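Report on the structure given below.
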Amino acid sequence: MVKGNRFGIGPVETPTTGTRRSRDPGPMGVAVRESAASAQEASDALVEQRRQNAADAREFRAARDEGRVLVRLPVGEIEVDQLPRDRLDLEGIAESDEMEELKASIRERGQREPIEVYLSSSGRYQLKKGWRRLTALRQLHAESQEERFACAIARVTTPDADRADLYVDMVEENVIRQDLSFAEMAQIALALAADPQAGVGDADAAVARLYRSLHKVKRSYIRSFVALMAAVGEDLPFPRAVPRDLGVDVARKLGDGLEIPRSRLAACASAEEQNDLLRGLVKGAARPADVGAAAAPTARQKYEFRVGDTKVTARNGEFRIRAACDYSGIERRVLERAVRAFQDALSRKE
């Protein structure tokens, strides 16, 4: 019996030594932990990838809307009927030597500069910039049927809320390159002024809107050509060939009441003949008008102009023709008939 315990039960002895249970995971635990860690990493990577994709999508949409994204569009899907072009005589340009040079460059090196289009309200691509490049590609594809000419490299932009900005974008590139004549700049200003959707008002406001980056002196030249094109644009056979100073002079005389014989102007067969006619009208209008039967000019006035290779000098009581022709070799009756026809033409009203 154990002393001190009436029941004879001794104290419970606890072991003073022994092995603790191991906390190291087994093979299954290791596998589970590794799977969980891998899943977490994959989840974090997926979240980051989605965040990056969303940022890339926003950047792409912004770049596309700003015209910084280039795409390939079939040339047959690009329309050109919503904006008047900033070129006169499009048919002549399409068949010109310059167009052949552009085609040769694209044939050899490909399309180097993109065109610019926008999506219309109908969902169709409408051309904003690059009519010559698009025309060259269409001609090359029609001539060769090669697939490399079937598509145009293009920037696609959203349509501007202000329609007048479409006109500005169209002419801006050519104006900077000084690739437009004064007549063409005037014509597009007239088209913008006449566009009811643009709401510009008049041609003067259209010039200010389209060419605000130009010096005010150059804008004044354009306004002079606006007056010229508004008066006789449809009957001006070679508008691009009208020199700046001549166009300004004609516009000034139009303001003074000059009347231009439109039928004669439209019948001009060459740019030189057209410009000679305009110069003659300007110089003729510069002569002092008769103010009465008793009034006489204080000095003899004269003016000169050319008709082809023939130089004409006209003054009070004198009309002189200088040409390479040997008039002495022409029969007298033929010359007399020509002079009578000349006098009859002068006696008739334009």
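Overview of values
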quantity	calculated
Difference of contour (0.36 nm per residue) and Cα-Cα distance, Arg240 to Arg33	66.4 nm
Cβ-Cβ FRET estimate between Glu79 and Val339, R0 fixed at 56 Å, reported to 0.05	0.45
Local electrostatic count at Asp235 - Lys and Arg +1, Asp and Glu -1, tallied over other residues with Cβ under 11 Å	+1
Centroid-to-centroid separation of segment 233-250 and segment 327-344 [C-alpha atoms, Å]	33 Å
Residue-span extension gain [Glu98 to Arg264] - 0.36 nm each, minus C-alpha spacing	56.8 nm
Whole-percent carbon and sulfur share, accessible surface of segment 54-137, 1.4 Å	45 percent
Inter-site label distance for Ala230 and Asn53 at 7 Å from Cα along Cβ, in nm	5.8 nm
Cut-off 14 Å between beta-carbons: net charge of the residues surrounding Asp204, Lys and Arg +1, Asp and Glu -1	+4
11 Å beta-carbon shell around Glu41, net charge (K/R +1, D/E -1)	-3
Cut-off under 5 Å, modelled amide H: who pairs with Glu79 long-range	Tyr125, Gln126, Leu127
Ordering of 103-114, 200-211, 334-345 by burial proxy (mean other Cβ atoms within 10 Å per residue, highest first)	200-211, 103-114, 334-345
With every protein chain in place, segment 216-282: carbon and sulfur % of accessible area (1.4 Å)	47 percent
Dipole magnitude of segment 27-92, debye to nearest 20 (Cβ charges: Lys/Arg +1, Asp/Glu -1, about Cα centre)	340 debye
Mean Cβ count within 10 Å, highest first, over the residues of peptides 186-196, 73-83	186-196, 73-83
Per DSSP, loop GluC sites (Glu not before Pro) in segment 215-285 with at most 16 further Cβ within 10 Å	Glu259
Probe 1.4 Å, accessible area per residue of segment 155-256, Å²	47 Å²
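The values are calculated or read from the model by the stated rules, or taken from the named source; none is laboratory data. It should be emphasised that the depicted structure is a prediction, and the values quoted were computed from it without experimental measurement. Here the Cβ is made from the backbone with ideal geometry for all residues, glycine too, and neighbour counts use every protein chain on show. Protein only, heavy atoms only, side chains kept; ligands, DNA and RNA dropped before computing areas. Shrake-Rupley method; radii C 1.70, N 1.55, O 1.52, S 1.80 Å.
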